[in-house]
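Single-structure report; data block below.
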Amino acid sequence: MMMAGEGFSLSGPPAQLLVVAKQAAADVLSIISRVPAIDSFSEAGQTPEAVAGEIEVRDVVFAYPTAPDHLVCNGYSLSVSAGQTVALCGASGSGKSTLVALLERFYDPQGGAILLDGVDLRDLNVRWLRAQLGLVGQEPVLFQGSEPVLFQGSVADNIRYGKAGASDADVEGAARLANAHGFITSSLADGYATQVGLKGSRLSGGQKQRVAIARAIVRKPAVLLLDEATSALDNESERVVQAALDAVVAETRRTTLVIAHRLSTIRNADSIAVLSEGRVVEKGTHAELLSLGGLYTRLVMAAS
């Protein structure tokens, strides 16, 4: 009886673990069965044959699901003509990077609409839409090869991820345009075949960023999105990467949205939109905005 009682006393902890496992299994199954609001694998939606790159943001209202009561966009309106370079600036939380997330359809706005060439993004096929956009973020992600090799992790392969089936000529052309061909052929032992290492550890910050730029433009996107692409770099690397970005914009003349952390990098933009509390409060060229003496002037003075 003593041994039986001891056995019953030891059954408590496993029973508790079974309850925890049951709840965990329910959570996993609910995630697996969830139907996403934006399905990137869906074949539904329009796929126009040509894209000019005209963007129009109409009275967008948006709050992130994790903070539904905080409107990041509150009457956000902006027009970007095809081939135009427009820079977005403003304080943190004003909605700069949120526009990139909405353009990529990581989220849909709760109000208003975003149009590409006059078509609501929600009416376009998600995978097709994202293929028309080239994104360069603040912290580029490079992929490393593994043993056994499940995928390649060379410089060329990381650029080729931007366009399925890209030829060696396409890869080299994009690298030249991104001002990356020089360091790839002169500084890397195996050139384009050099393995980038874990998270691109074998490359410097400026080199990783230029590889990311090449990856974004190898697909020849209709719209190029630059989300604070130089803000994490030192001054010398920023100068080199900014020169690469300027060359890409000047040569391709594609629609470009630039989110700026350092205002010195956007002075030559065709138009600058100043954001505050989820809406555009000023818009114009660098000189025009300075003449207004408003928010942009204060931002420039604070940065100098």
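Throughout, read-outs are computed from the coordinates displayed, never taken from laboratory work. Just so you know, these numbers come straight off a predicted model, no measurement behind them. Cβ placement follows ideal geometry from the backbone for every residue including glycine, while neighbour counts extend to all protein chains displayed.
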Rounded to the nearest 10 degrees, the helix 12-33 long axis (Cα) sits at an angle to the longest Cα principal axis of the chain of 40 degrees
Percent antiparallel among DSSP beta bridges confined to the chain, rounded to 5, stands at 50 percent
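What number, rounded to the nearest 500 deg cm²/dmol, is the helix-based mean residue ellipticity at 222 nm of the chain, given -39500 (n - 2.57) per DSSP H run of at least four residues and division by all its residues?
When only DSSP H runs of four or more count, the value is -11500 deg cm²/dmol.
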Out of all Cα-Cα pairs in region 146-220, roughly what percent, to the nearest whole number, are more than 22 Å apart? 13 percent
For region 106-241, take the alpha-carbon Rg, divide it by the Kirkwood Rh, and send me Rg/Rh. 1.02
Contour excess over end-to-end distance, with Cα ends at ARG253 and TRP128 and 0.36 nm allotted per residue: 42.9 nm
For the chain, how big is the tail of P(r) above 29 Å, as a whole percent of Cα pairs? 46 percent
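With a Förster radius of 51 Å, plug the Cβ-Cβ distance of ALA243 and ALA44 into 1/(1 + (r/R0)^6) and report the FRET value to the nearest 0.05.
Efficiency computed from Cβ-Cβ geometry: 0.75.
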Any lysines whose Cα falls less than 18 Å from that of LYS199, other than same-chain ones fewer than 8 residues away, would be LYS208
Report, by chain and number, residues whose modeled amide H sits under 5 Å from the one on GLY111, excluding near sequence neighbours (fewer than 5 apart, same chain). VAL61
Straight-distance crosslink candidates among lysines, where the alpha carbon sits under 20 Å from LYS283 and sequence neighbours closer than 8 are dropped: LYS96
Report the extension gain between ALA164 and VAL35 in nm, rounded to one decimal, defined as 0.36 nm multiplied by the number of residues separating them, less their alpha carbon distance. 43.7 nm
Pairing the Cα long axis of helix 205-217 with the longest principal axis of the chain, what angle in degrees results, from 0 to 90 and rounded to the nearest 10? 80 degrees
Rounded to the nearest 10 degrees, the helix 235-252 long axis (Cα) sits at an angle to the longest Cα principal axis of the chain of 70 degrees
Taking the convex hull of Cα positions in region 1-69, its mean projected area over all directions (nm²): 9.8 nm²
Order the peptides 33-42, 218-227, 111-120, 65-74 from the highest to the lowest mean number of other Cβ atoms within 10 Å of their residues. 218-227, 111-120, 65-74, 33-42
Sorted by mean Cβ packing within 10 Å, highest first, what order do the peptides 10-20, 289-299 take? 289-299, 10-20
